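Each remark here refers to the structure printed beneath this line.
Quick note: the coordinates plus some simple rules give every number you see, no bench work behind them. In this text the structure is predicted, and so the values were computed from the model without any measurement. Quick reminder, even Gly has a Cβ in these numbers, built from the backbone with ideal geometry, and neighbours come from all protein chains shown.
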Amino acid sequence: MSKSSHLIVSLALLATPLLVQAAPDTPPARPASHAATPLPKLARVKRIGNVALSPDGTRLAWMQQDGKRSVIELAGADGSHAQALDVGAKLADCSKSDLAWSPDSHRLAFIADCSHDLTNTQAMHTDVYLADVAGKAAPREVAQLAGYARALAWTANGQSLGFLYVPGATRHAAATAAGKAQVGVIGEEPEEIQRVASLDVASGAVHTLTPASIYAYEFGWSADGSRIAYTAAPAPGDNNWWVAKLYVQEAKEGAAPRVVVDPSTVAGSLHGLQIALPRWSPDGSRIAFIGGLMSDQGSTGGDIYSVSPAGGAPANLTPGTKVTPEWFAWAGNNALTVSQNAKGKEQLARYDIQGDKATAQAPYFTVSASIGSGGAALAVSLSADHRRVAFQQSSFEQAPEVHAGVLGSTPPPAVTALNAALKPEWGKAVSVEWKNEGRDVQGWLLYPAHYDPHKTYPMIVSVHGGPAAAVTSRWPGMGAMYAAEGYFQFMPNPRGSFGQGEAFVQANRKDFGYGDLRDVLAGIDAVEKMAPVDDHRLGLTGWSYGGFMSMFAPTQTQRFRAVVAGAGISDWQSYYGENQIDQWMIPYFGASLYDDPAAYAKSSALSFIKQAKTPTLIIVGDRDEECPAPQSFEFWHALKTLGVPTQLVVYQDEGHHFENPEHTRDVQQRSLAWFAKYLPASK
């Protein structure tokens, strides 16, 4: 259940839903009182993609969305003399990604995708380009790829580029992408296999390194470029990431892969969990990775482990840590630079390694903000000597900018002013901490726009997706629409979330909807003690895991007066056979449905459906593989039968993450209209 779609409020609304089913009591069009909504202003942000600092620390490159065009910006390390890379007319309208500096800092590689398919049905074509940043010539096309490519990484000698490649792909390699139409003979069509490939920069020759029998997820080069380490599992790739193993092989076509770590058989704290971000030490003596209970690929967090490339028992370098490492890079043979979540704040810290133990030093810095552009692989960019750092940063108060500078005790400053004129259209943001059942819990509260302390306000609770994810202080844009419309907006990080160590993440195993819901309700109590929230005017919303909570909570409490449930799960038993990612469920539920059906029934909203009374808007994509549409149909059918006001909207050609901007705008508008009817911001 995806972090990338973790807030329903990050989506905005759509003009042509595939299907609208509704009880007689449906919401009207948006009320006239909302005509002056600040929503258009919420979308006015220049988006920044990945940020890349050259290995010698002298130059910066970053992706910037300029209207409908993606632009590569080049500048000095301090952001000076910024200018767009001239890519020529051919690439002007193409999306560009995966910036990668050559080891000598003279060339910049990137991937261009010139297709504009929002349906995930057409054959993909991605090309690799190389720009000489010191010259004036247009970037050179190095390879044309009939498929999907991402995650460019140079070998240390600068002769080859490695990347993840899906030959013949028709969709992005992600479970959140729209799935293929389920027609014809099911389960027997050829799988699209992601492999580690290499590209000889001089000749343009492409070599697929990993075998077609396994699906590769992430990889890392050894320092000498002779070997690769990667995580992989048998197809289907969307499903089997949760049982991926760590492999090592020579960086040659036809080389035999060797399993180094198999979490299903290993003893200790890693048993049955997930692994991500394999990285070689500079001397090649060990491979480090992050291991933990993770509900989605790309939503990385856990303890840091290391293992010999020859195999053996992996060592947990950070047992018992009270923060969540999310990304790291080797800073020497016995040191790591780590990006970590500490109770909703972001830290960059150094870890020194002695034997099988890593000791965290005092963080370089802590910020009440989010760093990186999403996904563990894009967290921060470091110079080769780890003396300089660059990343995208934003917060509830500051829109995204590129930050860069010396890696030290002072957070690096913004070196761009792309969004300097933007001011929040919502009220202040505060971190809220409370205790529940012996645990410390944290979340974020947005105050309503034009807040008046003498008034009481309704509040909408937004539960993030995951559950192995977290809300941090990040420029929300459309995600702050409720606060911009006059609501308090509460975003808790209940047990199961990142930010307080692996024990906190694992605290809701076999307990979905119970302890985590109690944490949320206790958080509401804490907010009501500090802010003028009317307890009789509470709303609830969420997407994915948050969508499940939005369906389950009204069967357990009558505290909420209106609900918007996006891509939710209403019956874990039927869900087990409907989704395309059932492997994630076994670590959380302890067994398969077929071995322990009671564990699944215990947390199903439909098991308690007659207690649901709350008006509920239900939203889903028709090709969602993570939280399939039948789950939303089941919940809608039950509420409709029981006479509870409800509406179901299904969006055509959408997966778990919506691609069509018209659809996301429609979700936005319908959500606001639903709460405006059943939970008006003003009496």
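Worth a mention:
- Violating pairs (Cα-Cα greater than 24 angstrom) within the set Lys68/Lys180; Lys90/Lys423; Lys455/Lys677; Lys322/Lys345: Lys68/Lys180; Lys90/Lys423
- Whole-Å semi-axes of the chain's equivalent ellipsoid (Cα gyration tensor): 38, 28, 26
- Net charge of neighbours whose Cβ lies under 13 Å from the Cβ of Pro278, counting Lys and Arg as +1 and Asp and Glu as -1: +3
- With a Förster radius of 30 Å applied to the beta-carbon distance between Ile186 and Lys613, the computed FRET efficiency rounds to 0.20.
- Antiparallel DSSP beta bridges within the chain, percent to nearest 5: 85 percent
- Longest to shortest principal axis, alpha-carbon extents of segment 294-349, angstrom: 37, 27, 22
- In the chain, the longest principal axis of the Cα atoms and the axis of helix 515-530 are about 70 degrees apart.
- Taking a point 7 Å out from the Cα of Thr58 in the direction of its Cβ, the residues of segment 104-134 whose backbone N falls within less than 20 Å of it are 104-109, 131-134.
- Proximal aspartates and glutamates to Lys136, defined as alpha-carbon separation beneath 13 angstrom and excluding residues fewer than eight positions away on the same chain: Asp86
- Antiparallel %, DSSP beta bridges [both residues in segment 435-502], to 5: 70 percent
- Length released on extending from Ala598 to Asn333, taking residue separation times 0.36 nm less the Cα-Cα span: 90.6 nm
- Aspartates and glutamates whose Cα lies under 14 Å from that of Lys529, excluding same-chain neighbours fewer than 8 positions away: Glu433
- Mean residue ellipticity (222 nm) of the chain, computed from DSSP H runs ≥ 4 via -39,500 (n - 2.57), nearest 500: -3500 deg cm²/dmol
- Separation of segment 181-211 and segment 101-178, taken as the distance between their Cα centroids, equals 14 angstrom.
- Peptides 573-585, 133-145 ranked from most to least packed by the mean count of surrounding Cβ atoms within 10 Å: 573-585, 133-145.
- Overall, the chain carries a charge dipole of about 1560 debye about its Cα centre when +1 sits on the Cβ of Lys and Arg and -1 on the Cβ of Asp and Glu, all other atoms neutral.
- Pairwise FRET efficiency - Ala417 versus Lys322, Cβ, R0 = 30 Å, nearest 0.05: 0.25
- Length gained on full extension, Asp224 to Ala202: 6.1 nm, using 0.36 nm per residue less the C-alpha separation.
- Dipole-positive endmost among Phe289, Pro167, Gly499 within the chain (Cβ charges, Cα centre): Gly499
- Global geometry of segment 367-455, whether rounded, prolate or oblate, following the gyration tensor of its Cα atoms and the 1.5 cut on a/c: oblate
- Between His536 and Lys41, the FRET efficiency from the beta-carbon distance, with R0 = 25 Å, is close to 0.25.
- Inter-label distance for Gln354 and His116, nm, one decimal - labels placed 7 Å from Cα along Cα-to-Cβ: 6.0 nm
- Those aspartates and glutamates that a straight Cα-Cα span of less than 15 Å connects to Lys610, excepting residues fewer than 8 apart in one chain: Asp571, Glu634
- Working ranking of peptides 423-431, 457-465, 318-326, 253-261 by packing, defined as the average number of other Cβ atoms within 10 Å per residue, highest first, is 457-465, 318-326, 423-431, 253-261.
- Antiparallel bridges, percent of DSSP beta bridges restricted to segment 444-596 (to nearest 5): 20 percent
- Separation of alpha-carbon centers, segment 576-639 and segment 46-89, rounded to whole Å: 43 Å
- Segment 159-312, dipole about Cα centre (Lys/Arg Cβ +1, Asp/Glu Cβ -1), debye to the nearest 20: 180 debye
- In a fully extended conformation the segment linking Lys136 and Asp440 would gain 103.9 nm over its present Cα-Cα distance, using 0.36 nm per residue.
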